[in-house]
Amino acid sequence: MKIFKKKKIIRKVLTAIVCDRCGKSYNAEEEEYNEDILEIQEFLHIDFVGGYNSVFGDMNHIKADICQHCLKPLIENFARINSSDYRDNAVCVIE
Ligand SMILES: [Zn+2]
């Protein structure tokens with residue numbers, strides 16, 4: 001027989017994401033209708049550690065959360081934006 005008791009657990013819950021470039025805050029609360037959810041899904045989250053000879057410094061931890069409105073002007077001059085890439089690279093296995 002297993003015997004249980006009720007126990008309060010404290011956990012971290014994401015409540016907002018703030019763009020590190022423009023400072024705009026987006027509501028991440030789980031609500032019935034949250035219009036910021038679609039914006040949050042388009043965030044770019046950078047999180048890596050610089051290796052030997054990195055321009056960011058050896059073993060430095062680099063993090064940034066960037067909204068799509070800030071990301072676009074940063075990369076649009078060199079990014080390859082193609083609506084058909086996803087379909088062209090799809091793998092189809094026929095057995
Ligand atoms: Zn932004």
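Every number in this text was worked out from the coordinates using simple rules, so none of it is lab data. Predicted model, so just to flag it, every value in this text is computed and none were measured. We place every Cβ from the backbone using ideal geometry, glycine too, and count neighbours over all the protein chains shown.
For the reader, a short list of remarks on this structure follows.
- Residue-averaged 222 nm ellipticity for the chain, from DSSP H runs of 4+ at -39500 (n - 2.57), nearest 500: -4000 deg cm²/dmol
- Mean Cβ neighbour count within 10 Å, used as a protection proxy, ranking 10-17, 39-46 highest first: 39-46, 10-17
- Furthest towards positive pole of dipole, 74, 41, 51, structure part the chain, Cβ charges: 51
- Relative contact order computed over the range 16-88 (Cα-Cα under 8 Å; 6+ residues apart), in percent: 25
- In the chain, lysine pairs closer than 22 Å at Cα, eight or more apart or cross-chain: 5
- Summarising the label geometry, the points placed 7 Å from Cα in the beta-carbon direction at residue 68 and residue 1 lie 5.6 nm from one another.
- Taking θ as phi - 60° and the Karplus parameters 6.51, -1.76 and 1.60, the scalar couplings of the range 74-79 work out to 6, 10, 5, 6, 10, 6 Hz in sequence order, x denoting glycine and proline.
- Calculated on alpha-carbon atoms, Rg and Dmax of the chain in Å: 20.3, 65
- FRET E, pair residue 56, residue 22, Förster distance 22 Å, beta-carbon r, rounded to 0.05: 0.50
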